[in-house]
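As structure tokens, the structure follows; a few thoughts come after it.
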């Protein structure tokens, strides 16, 4: 409301600044629709966009165009309880005609002449009295007129309304919509730089460096952001020119921060953020949005989509660097906490395990000295590796992890004899680095909560198999199995009071942060469980 009042004052004084530029209406509408999606939650209303990809660009002020569309779509949402709200665009006499059509309650004919006046509200239709028209429509009409267009309305009570505004087309070299590939062709040298950067960043050793992905449909903006952030030698910057390319990158790369423009074609920054949040929490992969708008509804839409922070355009380099560093430091701090939690969990060896192992050592001392010595050596190795300070490192050699697993299994095999059968399949010669304590907790879980729950015991199989693009680690048992509900609890924070649940969730969380994929659990009651994960080469 305060912004509306300020706009009214500026319109009266004719002091509203306009920056007329080439604008693709498809991109702007997609972004505004994302901003208003939350408003239709709980309503049987569908938001639709009917604008062809080939629709030519407009000559308009982007910030004010967003304001116009938001007010008109918000108005349609307010007075439509069910049906559809459709945004379409057509061309008549060298002017773009943008329509916002709703199937709402409509407007009485005698009210139509008043709705574009400031503070005017409908008086006949009681449903509209509760909401009123206020300042929004009056401001929209004046903003459209300032850009050499007009705003009109047609309405049928009980059936809906159609608000139509016109804006001039951009008088450029070519009126057809320029695709991303055409933009890159027009900026060949710049596009080559971006491509080279993308390729080189994919092959660099990223150990100890923070990876940032920049997503903006304008390659010039990508280049500017890269140049601002490239001064930090601890960061590796990758730039892409569409949300679709970003999604493809997520399938093969892991990142520490995503910087995304809000207004992008096909998939907006809001939508990209929502897609990211389906796989990553706000601490696992921070998202920084770039927006030309600072109105409450824009910022709220970004945070509701799952963004961590935002920077307004034009970007201030010092502000951008400060916000980027703050988000990266937060992520690194949480990762460190998760690693330390894993090391701490492993060091909390349950007293009865130590007591039972010492009893086994004592018993073997009377019947088989050589077996006692072997068990003592393995127990010593198990304790040493469990308390190893390197358990807080991001990654360790596979052999170090397997040494801990072998010692643990030797101790349990000695204690339980024929109740525990162990099978190994190591089908790789590659030098593998993986997070510490990523296999041992899975093995311990399979033994304690799968096999030994059965009186007759069972078999545990550890498979490490090399594929063309990754290494697959699988822990299989033929124990008691689990229900789907219990599987879900294992990897979430729900009912995580059991130490085993916390341990597996910690492994899952660390794998997600490093590789983008966590544990995969398959289980069937009375048949057994398979827990696996993959390590990219």
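The values are calculated or read from the model by the stated rules, or taken from the named source; none is laboratory data. The model shown is predicted, which means the values in this text are computed figures rather than measured ones. Counting neighbours? That spans all protein chains shown, and the Cβs are built from the backbone with ideal geometry, glycine included.
Overview of results
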quantity	calculated
Number of positions in the stretch 37-60 that are in contact (Cβ under 8 Å) with a residue 60 or more places away in the chain, in contact with a strand residue (DSSP E or B) (Cβ under 6 Å, 6 or more places away or on another chain) and closer than 24 Å to residue 295 by Cα	3
Unmet criterion (only one of (1) surrounded by fewer than 22 Cβ atoms within 10 Å (Cβ to Cβ); (2) modelled with pLDDT of 95 or more) for residue 487	(2)
Scope the stretch 301-319; condition surrounded by fewer than 18 Cβ atoms within 10 Å (Cβ to Cβ) and in contact (Cβ under 8 Å) with a residue 60 or more places away in the chain; matching residues	304, 315, 317
Selection count where residues are at pLDDT below 85 and under 35 Å from the mean Cα position of the chain (by Cα), scope the stretch 135-174	1
Only one of 297, 271 that is within 11 Å of the chain's Cα centre (by Cα) and surrounded by 17 or more Cβ atoms within 10 Å (Cβ to Cβ)	271
Selection from the stretch 356-366 of residues that are modelled with pLDDT under 70 and either surrounded by fewer than 17 Cβ atoms within 10 Å (Cβ to Cβ) or farther than 15 Å from residue 413 by Cα (or both)	356, 358, 359, 363, 365, 366
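Quick grid of which residues meet (1) outside any loop (DSSP other than H, G, I, E, B); (2) modelled with pLDDT under 90; (3) within 25 Å of the chain's Cα centre (by Cα); (4) buried (at least 16 other Cβ atoms within 10 Å of the Cβ):
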position: 493; (1), (2), (3), (4): no, yes, yes, no
position: 503; (1), (2), (3), (4): yes, yes, yes, yes
position: 506; (1), (2), (3), (4): yes, yes, yes, yes
position: 509; (1), (2), (3), (4): yes, yes, yes, yes
position: 512; (1), (2), (3), (4): yes, yes, yes, yes
position: 518; (1), (2), (3), (4): no, yes, yes, yes
position: 521; (1), (2), (3), (4): yes, no, yes, yes
position: 531; (1), (2), (3), (4): yes, no, yes, yes
position: 535; (1), (2), (3), (4): yes, no, yes, yes
